[in-house]
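For reference, the structure is listed below as structure tokens.
The values are calculated or read from the model by the stated rules, or taken from the named source; none is laboratory data. This is a predicted model, so every value here is computed, not measured. Counting neighbours? That spans all protein chains shown, and the Cβs are built from the backbone with ideal geometry, glycine included. What goes into the accessible areas is simple: the full protein's heavy atoms, side chains included, and nothing from ligands, DNA or RNA. Shrake-Rupley method; radii C 1.70, N 1.55, O 1.52, S 1.80 Å.
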Amino acid sequence: MIVEEAAREPHKRTSLQVEPFFHLEDAILADEINEELLVFDNQGILIKANRAAHLFYQQIGYIGRIQGLHYDNLALDSTTYDFLLYQLERQKHETETVIKYDNYHLSIKKIWTKHDDQLMMIIRDVTDIKNKEAEIISKSVAILEIHHRVKNNLQSVVSLLRIQARRVTSEEAKIALQESINRMLVIAQTHEMLSMQVEDTLELKPILTSISHNIERLFTNIQPLTLEIIMTDNIYLNGNQMVSLSLVINEILQNVYEHAYPQGSMGRVIITVKKHNQIVDLTITDFGCGYNTKTAGQTSLGLMIIKSYVSEKLKGKLSISSGEKGTTTHILFKNTLEQ
């Protein structure tokens, strides 16, 4: 047996620190490992190979034993022996590549041992790994496409609602349609950001900034408020939590712009976000006229959405305190990314 003959030869230490896993000192170990091990002499002739190497070359169509064949006949990456020696010399006597051969993906490591004056080639089948990577990429592309289509569909609905809003004569209906448009734009914005990245995570601060700008543009000719975001930590949320929180923040800010300050007067809104381990702590404060939190929650659709989404979607806690000096909305919820 080829490997047994190799084991009886005195072992020479190589100039490279090759891992013991790849040494041929033990013939049994060489035959038990999954990697294919091949050793060529300084003329490029195969002088040693383990059982896995013989079986693999038989599987890919080689007939008979491979011992004694030249490297050029056994190379799977189309390199020649002379070119390989030049390549190894430039790359400190060691090189590793991943190639596609027939239906296989192979990781091929080549090591030139100066003291032995031999070439060691280690072949590892990574087909399963590459197939799984390709499957993940395919699924990721599909998810990105879904987010993109959701965003496009929501924008189409927004366009239809805007057409409808221009046709209705009732002021109350116009307001209701505009509020629905704002909610859909918030959801569409989150899906747009998710469609531009593989990960299902989004940073909170850019979302807050975007929501704030949208609200400011909506009320720019009606209510000139100053909006400030205070956030020292970088907080990331998954897509579902981000959509829910975005809708909640949109409703709170819209209520502030519409009701907190007398029309046309200057006002101020502060959004403060902190994190305590897994808990996200968000506070929105205005300094307006306040409202009765007990009675308003029974008639305001915005407050109903806020309470419902905080408790059911975010699984969090909501507290609202309001009086003559303003309103503070405080939200606590657990970041599912940090569980």
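Tabulated results
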{"item": "Residues of the chain: accessible area per residue with a 1.4 Å probe, Å²", "result": "56 Å²"}
{"item": "For segment 255-263, 3J(HN,Hα) per residue [Karplus equation, 6.51 cos²θ - 1.76 cosθ + 1.60, θ = phi - 60°, Hz, x = Gly/Pro]", "result": "5, 4, 5, 7, 10, 6, 10, x, 4"}
{"item": "Sorted peptide list for 96-102, 183-189, criterion being average Cβ within 10 angstrom, highest first", "result": "183-189, 96-102"}
{"item": "Overall Cα dimensions of segment 160-254 - principal axes, largest extent first, Å", "result": "45, 29, 18"}
{"item": "Rotationally averaged projected area of segment 112-181 (alpha carbon convex hull; nm²)", "result": "8.4 nm²"}
{"item": "Choice from Glu312, Glu192, Glu179 with maximal GNM fluctuation in the chain (Cα, 10 Å cutoff)", "result": "Glu312"}
{"item": "Value of [θ]222 nm, deg cm²/dmol, for the chain, DSSP H segments ≥ 4, -39500 (n - 2.57) each, nearest 500", "result": "-14000 deg cm²/dmol"}
{"item": "Expected-Rg normalisation [2.2 N^0.38 Å, Cα atoms] applied to segment 86-211", "result": "1.99"}
{"item": "Principal axis box of segment 65-108, alpha-carbon based, largest edge first, Å", "result": "30, 25, 14"}
{"item": "Phi-based couplings in Hz for segment 56-67 (Karplus 6.51, -1.76, 1.60; Gly and Pro marked x)", "result": "5, 5, 5, 5, 8, x, 6, 9, x, 7, 8, 4"}
{"item": "Within a Gaussian network of the chain (alpha carbon springs, distance under 10 Å), most fluctuating of Ile63, Ile45, Ile129", "result": "Ile63"}
{"item": "Degrees between helix 204-218 axis and first principal axis of the chain (Cα, 0 to 90, nearest 10)", "result": "40 degrees"}
{"item": "Sequence-distant residues sharing a close amide H with Phe287 (under 5 Å, placed H)", "result": "Arg268, Thr327"}
{"item": "Kirkwood-type radius of segment 54-160, with distances r between different C-alpha atoms, in Å", "result": "17.5 Å"}
{"item": "FRET efficiency for Asn234 and Ser156, using Cβ-Cβ distance with R0 set to 35 Å, rounded to 0.05", "result": "0.55"}
{"item": "Approximate spin-label separation Glu135-Ile175, in nm, with each point projected 7 Å along Cα-to-Cβ", "result": "5.5 nm"}
{"item": "Convex hull of the chain built on C-alpha atoms - directionally averaged projected area, nm²", "result": "25.7 nm²"}
{"item": "Selected from Tyr309, Tyr257, Tyr71 as most flexible by GNM, with the chain as the system and alpha-carbon contacts under 10 Å", "result": "Tyr71"}
{"item": "With Cα atoms, 0 to 90° folded angle of helix 81-90 axis to the chain main axis", "result": "60 degrees"}
{"item": "Folded to 0 to 90 degrees: helix 127-167 orientation relative to the chain principal axis, Cα", "result": "20 degrees"}
{"item": "Protein accessible area in the chain, 1.4 Å probe - carbon and sulfur %", "result": "51 percent"}
{"item": "Kirkwood hydrodynamic radius (C-alpha pairs) into Stokes-Einstein, segment 189-317, 20 °C and 1.002 mPa s, D in µm²/s", "result": "138 µm²/s"}
{"item": "Modelled FRET efficiency - R0 22 Å, Ser265 with Ser321, Cβ distances, 0.05 increments", "result": "0.50"}
{"item": "Cα centroid separation - segment 179-227 against segment 266-339, whole Å", "result": "17 Å"}
{"item": "Two-decimal log10 I(q)/I(0) for segment 263-317, as the Debye equation yields it once each C-alpha is a single scatterer, q = 0.15 Å⁻¹", "result": "-0.62"}
{"item": "q = 0.28, 0.30, 0.33 Å⁻¹, segment 242-287: log10 I(q)/I(0) [Debye, one scatterer per Cα]", "result": "-1.07, -1.13, -1.22"}
{"item": "Using θ = phi - 60° and Karplus 6.51 cos²θ - 1.76 cosθ + 1.60, couplings along segment 38-49 (whole Hz; Gly, Pro as x)", "result": "10, 10, 10, 7, 6, 9, x, 8, 6, 10, 9, 7"}
